[in-house]
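**Q** Below is a structure I'd like to ask you about.
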Amino acid sequence: MPVLTYIIVAIAAYLLGSIPTGFLVAKAKGIDIRKTGSCNIGATNAMRVLGKPAGIFVLLADAAKGFGAVWLAALLLKQLNANADVETARIIAGIFAVLGHNYTCWLKFKGGKGIATTAGVYLALAPWAVLVGLVVFILAVLLTKYVSVGSIAAAVALPATVWIMTPQNIFLGIVSTALGALAIYKHKSNIQRLMAGTENRLGKKSSTPEKTK
């Protein structure tokens, strides 16, 4: 039954995405990352608080969650011998991997902002869109020195690329737009600080903890 298969895929992807990598890495060092820096469990704050090696590890691990969830969806369909559409299952897995990261059940449904996990998802679904998003991210950060601006710009560029390059895949386009909007929404506090002129620039340590994620 396709619906039951999609539900199983969604649950598995959510649980994989919900692994709070940044929190666990910081916890191993005796730090509660939710109470320091920007208070976010993502790679940017991990790099700021824990250093570059730990931050890069969190970045790669969070991206791997997204990529792994999409890969796992196809594997599950094969194992279940399910009469379901593989591409639909892969997209559903991507959605729930990002939701798992952003709203992890292990931390009272408070998580990261989903940029790395979304990149991992699209590395499996649409790698060319990730390439465009990465270029836009790098250019935006170089021009503004704000990682948050780069992330927001990439969140706009990625779904736009998906629509332009695969206009026939309406489902993927809608999902990409929704995930991009979610990523921007998760940056609402960054946007507020940008407007107030208090956002931390690249390479500068956070001076004021962020109270909302």
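**Q** Taking the stretch 154-187 only, how many residues are farther than 19 Å from ILE41 by Cβ and in contact with a Pro (Cβ under 8 Å, 6 or more places away or on another chain)?
**A** Total meeting the criteria: 4.
**Q** Please state which of the following conditions LEU182 fails to meet, knowing it meets all the rest: (1) more than 12 Å from the chain's Cα centre (by Cα); (2) surrounded by fewer than 22 Cβ atoms within 10 Å (Cβ to Cβ); (3) in a helix (DSSP H, G or I); (4) at pLDDT 95 or above.
**A** Only one criterion is unmet by LEU182, namely (1).
**Q** Which of the residues belonging to the stretch 139-167 are of a type outside the set (A, V, I, L, M, F, W, C) and within 19 Å of ALA124 (Cβ to Cβ)?
**A** As a first pass, look at the stretch 139-167 and keep what is of a type outside the set (A, V, I, L, M, F, W, C): 144-146, 148, 150-151, 159, 161, 166-167.
Once the filter is applied, which keeps residues that are of a type outside the set (A, V, I, L, M, F, W, C) and within 19 Å of ALA124 (Cβ to Cβ), the stretch 139-167 yields PRO159, THR161, THR166.
**Q** Take LEU72 and tell me if it is more than 12 Å from the chain's Cα centre (by Cα), closer than 18 Å to THR5 by Cβ and not small (Gly, Ala, Ser).
**A** On the way: more than 12 Å from the chain's Cα centre (by Cα): yes; closer than 18 Å to THR5 by Cβ: yes; not small (Gly, Ala, Ser): yes.
Yes: the conditions hold for LEU72.
**Q** Only one residue in ALA157, ALA126, ALA153 is within 25 Å of ALA10 (Cβ to Cβ), aliphatic (A, V, I, L, M), under 17 Å from the mean Cα position of the chain (by Cα) and modelled with pLDDT of 95 or more. Which one? Spell out the reasoning first.
**A** Details: ALA157 fails: within 25 Å of ALA10 (Cβ to Cβ); ALA153 fails: within 25 Å of ALA10 (Cβ to Cβ).
Of ALA157, ALA126, ALA153, the one residue that is within 25 Å of ALA10 (Cβ to Cβ), aliphatic (A, V, I, L, M), under 17 Å from the mean Cα position of the chain (by Cα) and modelled with pLDDT of 95 or more is ALA126.
**Q** Let me ask something additional. Hey, does the stretch 109-117 have a residue that's modelled with pLDDT of 95 or more, in a helix (DSSP H, G or I) and more than 21 Å from LYS29 (Cβ to Cβ)?
**A** Yes, the stretch 109-117 contains at least one residue that is modelled with pLDDT of 95 or more, in a helix (DSSP H, G or I) and more than 21 Å from LYS29 (Cβ to Cβ).
**Q** Continuing with the same structure: For the stretch 49-69, how many residues are within 14 Å of the chain's Cα centre (by Cα) and without any contact (Cβ under 8 Å) to a residue 60 or more places away in the chain?
**A** Initial filter on the stretch 49-69 (within 14 Å of the chain's Cα centre (by Cα)): 58-69.
If we keep only those that are without any contact (Cβ under 8 Å) to a residue 60 or more places away in the chain as well, we get 58-62, 64-69.
Of the residues in the stretch 49-69, 11 are within 14 Å of the chain's Cα centre (by Cα) and without any contact (Cβ under 8 Å) to a residue 60 or more places away in the chain.
**Q** Turning to a different aspect of this structure: Can you name every residue in the stretch 9-59 that is buried (at least 17 other Cβ atoms within 10 Å of the Cβ), part of a helix (DSSP H, G or I) and among the β-branched types (Val, Ile, Thr)?
**A** The answer is VAL9, THR21, VAL25, ILE33, THR44, VAL49, VAL58.
**Q** List the pairs whose first member sits in the stretch 191-213 and is over 22 Å from GLY51 (Cα atoms), whose second member is part of a helix (DSSP H, G or I) and modelled with pLDDT of 55 or more, and whose Cβ atoms are under 6 Å apart, counting only residues at least 6 apart or on separate chains?
**A** THR212/SER189
The values are calculated or read from the model by the stated rules, or taken from the named source; none is laboratory data. Nothing here was measured: the structure is a model prediction, and the numbers come from that model. Note that we place each Cβ from the backbone using ideal geometry, even for glycine, and neighbour counts take in every protein chain shown.
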